[in-house]
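The block underneath contains the structure these notes are about, expressed in structure tokens.
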Amino acid sequence: MSFMSSLRTKKNYALITITALFLLITVASAQQDVSCYHCHTNVVEEFRNNIHYTMGFTCANCHGGSEESNTSVVSSNVMSGDFIGKPTRDKITNICSKCHAQETNDYKQSIHWDAITKGHPEAATCTDCHGIHEIRAISDNKSSSNHQNSPATCAKCHANSEIMSAWYYGIKADRMDTYKESFHWKALKNGYKVVATCADCHENHITKSHTDPASTTYPDNLPRTCGKEGCHPGVKFDAAIAAGLVHDKESLHTGDLVFNKSGLTPQMKAYYFGPFDLAYWIATFFKILTAGVIGAFTGMVILDCLSRFKLQKRW
């Protein structure tokens, strides 16, 4: 074998050896370095639509652990140190508070947080309203906390009769149904953006029970809530209007004359003038008035057409 052939053979052996070592190192590294994406593909895909992702946050910011990286993969050591995995519902708020201190402070004054501290972890926490991994800015129309989407987000709990009827809540599960009978919902459904949704009346983070004097929906506070800037500023609401049914439902009102109102709630009593339920009779009056006006104009148009037809035949 010539000197050149021997040299080429040694080079080939050296190349094969280096390649084998590289493969062994790569395999060993692949066994140790397992990224979140490899196991949680769908979750990571969702997180890439997250406003936090666009700001440079990683899984470790919420779940803890290390951030040792190896090119495109994350070390399996990520599940070490302060790694907490899936946080319990009562701990979610503490994680969010690291960046959202004011919102957390408001939320911890709400009826939702109060329920959680009293041992009802199914009460709404940050992720129920804002999403878990696919958290979007509230200005994003795909966000669950976007103005247009917030009623449906609240309805996930408040339309659930099993949750709402529990002895420790005792809240009616028809809140979304009654809201859908309001002008606010009809305007919202037709694309109006400056119209009241749940958060406008009940507040975003500091939601309180309507029986709490500090609540925005407490009867004495309703005039101020409805009259705030952006809603109905300058409109004067008297006590009777404030005491009325905010979540009104047409089926609650009938034409029956009620002389004994002792069995009615204060909210229902506010609708009565003597034995008459004004909500029913006023609605009936406007239905008759609307039908009558449309009928009269339709009749006038028909008579006008007949008159023109007769004139044309005469001439």
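Bear in mind these aren't lab numbers, they're just calculated from the coordinates by the rules spelled out. Quick caveat, the model's predicted, so the values are computed rather than measured. Positions of Cβ are generated from backbone atoms using ideal geometry, with glycine treated the same way; all protein chains shown enter the neighbour counts.
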note: the range 202-315, Cα-Cα separations exceeding 25 Å make up a percent value of 50
Here the net charge surrounding Ala214, from other residues whose Cβ is less than 13 Å away from its Cβ (Lys, Arg +1; Asp, Glu -1), is -3
With N residues in the range 253-315, Rg(alpha-carbon) / (2.2 N^0.38 Å) equals 2.05
Diffing the range 187-198: the Karplus 3J(HN,Hα) column from phi (6.51, -1.76, 1.60, θ = phi - 60°), in whole Hz with x for Gly and Pro, holds 5, 4, 5, 8, x, 6, 9, 8, 8, 5, 10, 3
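Extension gain Gln267-Asn149, at 0.36 nm per residue separation less the Cα-Cα distance, in nm? Provide the component values of the computation, followed by the final result.
Details: separation 118, 0.36 × 118 = 42.48 nm, distance 2.88 nm.
Extra length available between Gln267 and Asn149 comes to 39.6 nm.
Given a cut-off of under 8 Å on Cα pairs at least six residues apart, what relative contact order in percent is computed for the range 253-315? The partial results should precede the final answer.
Values: 23 pairs, mean separation 18.2, N = 63.
Once divided by the residue count of the range 253-315, the mean separation gives 29 percent.
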Label model pair Lys236, Phe297: point-to-point distance (7 angstrom along the Cα→beta-carbon line) in nm is 3.4
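Report the extension gain between Phe57 and Gln109 in nm, rounded to one decimal, defined as 0.36 nm multiplied by the number of residues separating them, less their alpha carbon distance. Can you show the working numbers first?
Values: separation 52, 0.36 × 52 = 18.72 nm, distance 2.79 nm.
Going from the current span to full extension adds 15.9 nm.
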